[in-house]
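Trainee: Following this message is one structure expressed as structure tokens.
The values are calculated or read from the model by the stated rules, or taken from the named source; none is laboratory data. Here the structure is a predicted model, which means the values were calculated and not measured. Counting neighbours? That spans all protein chains shown, and the Cβs are built from the backbone with ideal geometry, glycine included. Just the protein is used for accessible areas: all its heavy atoms, side chains included, with ligands, DNA and RNA removed. Shrake-Rupley method; radii C 1.70, N 1.55, O 1.52, S 1.80 Å.
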Amino acid sequence: CSSTCSQGNLNDLISAADWDILFPHRDNQACKQNKNPDGTLIPGGFYEQAAFVSAARMFPCFLGQGTREQRQRELSAFLAQISHETTGGWATAPGGPQAWGLCWKEEVGCEQPGT
């Protein structure tokens, strides 16, 4: 990554309040994103906005190049993908199936080898 990468304040691209609106069910009891394998809660959660910002900082060129509009598009595409891959929604889920993004952190239905 060249020295032209500058993320700036990532909270300007996605605030904690926006994160809560986009992923309203991530802490739902039905979701396992905030739990360890033994069922105990992960302190501070797993899919929290502050954790996302902290992780993004490890990759300075992620959301660190282009105009603000380009960076917003990159963030939107990324959040759409991770939301789709982690959705816990079903066809008749409250808010629709995609409203349940960031529900799972492990593949569901593949807990046993060979399934």
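Trainee: Relative to the first principal axis of the alpha-carbon coordinates of the chain, what is the inclination of helix 68-85, with its axis defined by its Cα atoms, in degrees from 0 to 90 and to the nearest 10?
Mentor: For helix 68-85, the angle is close to 10 degrees.
Trainee: I need the trypsin sites (Lys or Arg not before Pro) found in the stretch 12-70, filtered to DSSP loop residues with at most 13 other beta carbons within 10 Å of theirs.
Mentor: Here the trypsin sites (Lys or Arg not before Pro) that fit, given the DSSP loop and packing criteria, are Arg57.
Trainee: Also, quick follow-up: Given a 1.4 Å probe and heavy atoms of the protein chains only, how would you sort Thr67, Thr86, largest accessible area at the top?
Mentor: Ranked from most to least accessible, the order is Thr67, Thr86.
Trainee: Rounded, prolate or oblate: which fits the chain, taking a ≥ b ≥ c as square roots of the Cα gyration tensor eigenvalues, rounded meaning a/c under 1.5, else prolate when a/b beats b/c?
Mentor: Prolate.
Trainee: Let me ask something else. If you keep only loop residues by DSSP, which GluC sites (Glu not before Pro) in the stretch 15-107 have at most 16 other Cβ atoms within 10 Å of their Cβ?
Mentor: Passing sites in the stretch 15-107 are Glu106, Glu107.
Trainee: Extending each Cα 7 Å along its Cβ direction at Asn28 and Asp12, get the distance between those two points in nm, one decimal.
Mentor: In this crude label model, Asn28 to Asp12 measures out at 3.5 nm.
Trainee: A follow-up question, please. Report the chymotrypsin sites (Phe, Trp or Tyr not before Pro) located in the stretch 1-94 that are in a DSSP loop and have at most 14 other Cβ atoms inside 10 Å of their Cβ, or state none.
Mentor: Trp90
Trainee: If you roll a 1.4 Å probe over the heavy atoms of the protein chains, what accessible area per residue do you get for the stretch 16-81, in Å²?
Mentor: On a per-residue basis, the stretch 16-81 sits at 64 Å².
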